[in-house]
Amino acid sequence: MDVKESTQTTQRIRWPIAALIGIIAVAAALAAGHFVAGLVGPNASPFLAVGNSAIDMTPAWLKDFAIRTFGTYDKIVLLGGMALTILLAAIVAGLLSRRSPLPGMVLAGILGVLGILAVLDRPDLGQIAVLAPVASLAAGLVVFRWLHDLAVRNAQIIDEPTSDGEGATRRKFMVTSGGVAVGAVVLGGAGQFLSGRVDVEGSRAAVGALKPAMPAAAIPAGADFAALGTPKFITTNRDFYRIDTALTVPRLRAEDWNLKIHGMVDSELTFDFGDIRDRPLVERTITMTCVSNEVGGPYVSTANFVGVPMRELLMEAGVKPGADQLFSTSVDGWTTGTPVEDLMDEKRGALLAIGMNGEPLPLEHGFPARMVVPGLYGYVSATKWVVDMELTKFGEKTFYWEERGWAKRAPIKTQSRIDAPRGFATVPAGKVTVAGIAWAQHTGIDKVEVRMDGGEWKPAELATEVNNQTWRMWRLDFDLTAGSHRAEVRATDRNGRTQGEERVPPIPDGATGWHSSLFTVN
Ligand SMILES: Nc1nc2c(c(=O)[nH]1)N[C@H]1C(S)=C(S)[C@@H](COP(=O)(O)O)O[C@H]1N2
Ligand SMILES: [Mo]
């Protein structure tokens with residue numbers, strides 16, 4: 001046998017061991033980064049930073065697809081996909097390094113640099129945050145090199161244990177790598193614990209119930225047809241749709257919150273939470289809608305929001321002539337631009353909200369404070385965790401979704417949805433009640449019409465109107481024979497505009513078209 005060949009064979013790490021080294025090194029890297037992030041800010045964790053950057057860099061159509069397909073689970077799907085990708089990269093790095101550690105070190109280096117770039121790219125993270133991905137990079141390289149050396153030196157022994165002494169060497173490798181793996185779990189767990197140390201739940205509990213000086217009118221009994229399958233008029237905080245770009249919900253305590261109003265104003269103002277809470281609070285029943293909502297989609301919900309009129313705050317600051325955009329920023333760096341005109345409109349009643357359905361805002365919905373502007377899609381108005389408002393001009397500063405191809409100005413389009421019978425449902429023959437919701441915030445719903453199997457449009461019965469900033473329920477009975485049927489709906493708002501049939505996708509300023517439901521009667 002050729003001598004050279006035999007030495008090469010002995011120095012080659014067996015593949016499962018090589019893959020294991022890759023996995024453990026990456027685990028150590030992620031854990032070290034997560035731990036340091038626990039000290040310098042949760043979003044500095046390289047894993048989350050890469051995820052957040054991935055969200056920001058995702059093309060609009062793909063993001064739209066993700067929201068449509070996975071809904072509120074889009075973030076879990078993204079994190080899971082990333083974990084899988086990293087696991088595969090770790091295995092590949094290990095397998096490429098069965099002789100020399102170089103390929104693995106290079107791959108570890110690339111992953112590390114990606115983490116550093118992602119953290120530097122985050123608008124919400126300071127310079128110090130870069131320590132987290134640097135710790136990741138260092139831990140990854142050191143652990144990889146260390147385990148690799150250990151394995152190469154004992155490659156033959158690890159592969160083919162024969163005597164007791166060799167068994168001990170093998171055990172040493174296993175104990176070392178096992179120790180590193182356990183260490184990684186402990187370190188990562190410690191990082192997770194540290195990230196949660198900002199006691200935002202405690203802060204929220206301390207805010208307690210919010211009693212508005214001007215409560216919203218009680219919801220009349222006839223405002224929903226929930227018994228027929230339409231939503232309850234007020235959506236519970238738990239069921240309220242959630243859309244945002246935040247992988248980890250910002251943990252901002254009320255005590256640490258400040259809101260600055262500046263830019264084209266007569267006097268710059270800064271408020272703390274007490275300043276807002278101590279003002280006479282108003283409560284308004286408002287239906288919010290996401291621009292990503294497809295025809296028939298679920299991203300529409302209604303709550304009683306409690307807060308201070310945006311108009312009052314802006315009057316106090318004194319908006320200079322020419323300022324037509326309020327550019328607001330959340331604590332995690334997300335931005336939007338809202339027409340000043342809409343915020344000043346007394347009838348519209350835009351709020352800086354601190355409460356939702358009697359409670360302080362839930363963390364996912366913007367605790368401690370957010371904007372809510374009736375009649376505008378959330379992406380141009382509803383900044384959660386809002387900390388900064390700058391008076392400026394449209395075009396002078398561009399906001400998050402504007403930069404990604406969505407419209408600068410986006411009033412909510414008149415829409416209607418069939419909730420019963422649901423698509424593909426089977427219902428008994430005879431009287432069939434078709435029911436659903438319609439909305440035209442800030443204009444109001446004037447009429448809803450339904451037609452069956454392409455027949456005549458018939459006016460539906462409308463539920464009691466609560467106000468023109470909220471959705472409105474409707475119902476209509478049909479006498480149907482066995483077979484398959486198709487119901488279609490269209491709404492007309494108080495400006496006399498009737499929804500058109502043509503299907504328009506959500507991008508750039510909201511979907512339109514008639515919703516239909518295909519169901520079976522038997
Ligand atoms: N900070 C922040 N605020 C945000 C967003 C975001 O991504 N980040 N998304 C907006 C969008 S697109 C919508 S539709 C609403 C949704 O508010 P909700 O999650 O409370 O329903 O929040 C808006 N405010
Ligand atoms: Mo949205």
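The values are calculated or read from the model by the stated rules, or taken from the named source; none is laboratory data. Quick caveat: nothing in here was measured; it's all calculated off a predicted structure. Glycine also receives a Cβ, built like all others from the backbone with ideal geometry; neighbour counts cover every protein chain displayed. Remember, those area values only see protein heavy atoms, side chains included, never the ligands or the DNA or RNA. Shrake-Rupley method; radii C 1.70, N 1.55, O 1.52, S 1.80 Å.
Observations, loosely collected:
- Test: residue in the range 265-278 that is at pLDDT 95 or above, open to solvent by 10 Å² or more (accessible area, probe 1.4 Å) and within 16 Å of ligand 2 (Cβ to nearest atom): no
- Any hit, the range 342-364, residues being within 20 Å of R409 (Cα to Cα) and within 9 Å of ligand 1 (Cβ to nearest atom): no
- Filter pass, T481 being of a type in the set (S, T, N, Q) and closer than 24 Å to D224 by Cβ: no
- Residues of the range 475-522 that are open to solvent by 70 Å² or more (accessible area, probe 1.4 Å) and closer than 30 Å to L62 by Cα: E501, E502, R503, P505, L518.
- Only listed residue being over 30 Å from S292 (Cβ atoms), at pLDDT below 95 and either part of a loop (DSSP other than H, G, I, E, B) or not small (G, A, S) (or both), chosen from A209, A246, A218: A209
- Applying the criterion of at least 2 residues that are out of contact with any His (no Cβ under 6 Å at 6 or more places or on another chain) and aromatic (F, W, Y) to the strands (runs of 3 or more DSSP E) found wholly in the range 459-522 leaves 472-480.
- Leading residue by the ranking (farthest from ligand 1 (Cβ to nearest atom)) among those in the range 386-419 that are among the basic types (K, R), modelled with pLDDT of 95 or more and over 19 Å from S301 (Cβ atoms): K393
- Number of the exception - R472 against (1) more than 30 Å from G430 (Cα to Cα); (2) surrounded by 17 or more Cβ atoms within 10 Å (Cβ to Cβ): (1)
- Residue identified as in a loop (DSSP other than H, G, I, E, B), within 21 Å of the chain's Cα centre (by Cα) and within 16 Å of ligand 2 (Cβ to nearest atom) among S301, S292: S292
- Taking first residues from the range 266-289 that are touching a residue at least 24 places away in the same chain (Cβ under 8 Å) and part of a helix (DSSP H, G or I) and partners that are more than 16 Å from ligand 2 (Cβ to nearest atom) and open to solvent by 50 Å² or more (accessible area, probe 1.4 Å), the Cβ contacts under 8 Å between residues at least 6 apart in sequence or on separate chains come to F273/E255.
- Residue within the range 425-437 that is within 15 Å of ligand 1 (Cβ to nearest atom) and crowded, with 17+ Cβ neighbours inside 10 Å present: no
- Listed by first and then second residue, the pairs linking a residue in the range 10-37 that is closer than 10 Å to S136 by Cα to a residue that is assigned to a helix (DSSP H, G or I) and of a type in the set (S, T, N, Q), with Cβ atoms under 6 Å apart and 6 or more places separating them unless they lie on different chains, are A29/S136; A32/S136; G33/S136.
- Residue within the range 303-318 that is within 13 Å of ligand 1 (Cβ to nearest atom) and touching a strand residue (DSSP E or B) at 6+ places or on another chain (Cβ under 8 Å) present: yes
- Every condition in (1) open to solvent by 10 Å² or more (accessible area, probe 1.4 Å); (2) within 16 Å of ligand 2 (Cβ to nearest atom) holds for S330 except the one numbered (1).
- Positions within the range 367-385 being more than 9 Å from ligand 1 (Cβ to nearest atom) and not hydrophobic (A, V, I, L, M, F, W, C), in sequence order: P368, P374, G375
- Matching residues, the range 215-233, being closer than 26 Å to F70 by Cβ and either surrounded by 17 or more Cβ atoms within 10 Å (Cβ to Cβ) or hydroxyl-bearing (S, T, Y) (or both): G229, T230, P231
- Consider the range 235-248 and keep the residues that are within 16 Å of ligand 2 (Cβ to nearest atom) and of a type in the set (A, V, I, L, M). The one that is surrounded by the most Cβ atoms within 10 Å (Cβ to Cβ) is A246.
- If you go through the range 224-250 and keep only what is of a type in the set (S, T, Y) and either touching a helix residue (DSSP H, G or I) at 6+ places or on another chain (Cβ under 9 Å) or closer than 25 Å to L194 by Cβ (or both), you end up with Y241, T245, T248.
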